[in-house]
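Okay, so here's the structure we're looking at.
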Amino acid sequence: MNDQRQEIDLGFTKEHLPESSHICLIYDNEAQRQKIVSEYLAAGLRQEEVVRYITDVTAPEQVCAWLLELGVELPEGGPFSIFKAESFYCANGRFEPQELIAGMLPRYDQYKKAGYRGVRSSGEMSWTLKGLPGSDRWLEYETLLNTVGGTFPHTGMCQYDARLFDGATLFKVLQIHPYMIAQGQIVRNPFYMRPEEFLKEFGASQP
């Protein structure tokens, strides 16, 4: 990670992170998750970013209610979008990490031309447990997110419910996220492995 980049406000903490950071939220408390995620999304909208939420178990109207409670207006056709995980990650019926990664920079160019300052996303990763075609490659996708370049700021927060994923899997999750959230605070992850190191050690599609 290049800490010389511009820093961004995450909303839920006073600490700022370099733009284009990749963060994991491992949680077992819904109230804490709601607070962190909603403030993270709201901060992006207030900073004129494109904000995307990928939901698996949370109803879209519930996510909107979180933001409305924080005083954030959500005009129709605005920069905030909610996607269902299956249609977002498996648009053609199968999860293809390389295709998703390849489509990111052209999409970021469109956001930049439209005048937005960046993009921030957050996704509920429980979809990976549903046996969707190709979903066994989700760790590969998470790892490749750390290789996405470009000059347009892009920040991502991946949500993992600790009640659904086993300890060994969560440890791998830590290894592919440079930053993690612990007790509502950002921690620079001591377990992080560079993408090429992780893929070499664990392979591209091992769960």
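A short reminder: the numbers here are calculations on the coordinates, not readings from a lab. Quick caveat, the model's predicted, so the values are computed rather than measured. Glycine gets a Cβ as well: all are built from the backbone with ideal geometry, and neighbour counts include every protein chain shown.
Taken together, Arg107, Arg137, Arg120, Arg94 contain a single residue that is closer than 23 Å to Glu39 by Cα and of a type outside the set (Gly, Ala, Ser), which is Arg120. For segment 12-38, a residue qualifies if it is part of a helix (DSSP H, G or I) and either of a type in the set (Ser, Thr, Tyr) or within 14 Å of the chain's Cα centre (by Cα) (or both), and the qualifying residues are Arg33, Ile36, Val37, Ser38.
Residues that are outside any helix (DSSP H, G or I), β-branched (Val, Ile, Thr) and in contact with a strand residue (DSSP E or B) (Cβ under 7 Å, 6 or more places away or on another chain) were ranked within segment 46-89; the one that is surrounded by the most Cβ atoms within 10 Å (Cβ to Cβ) is Val51. Of the residues making up segment 149-164, just one is buried (at least 19 other Cβ atoms within 10 Å of the Cβ) and over 15 Å from the mean Cα position of the chain (by Cα), namely Phe152. The criterion of at least 1 residues that are in contact (Cβ under 8 Å) with a residue 12 or more places away in the chain and among the acidic types (Asp, Glu) is met, among helices (runs of 4 or more DSSP H) falling completely within segment 136-207, by 138-144.
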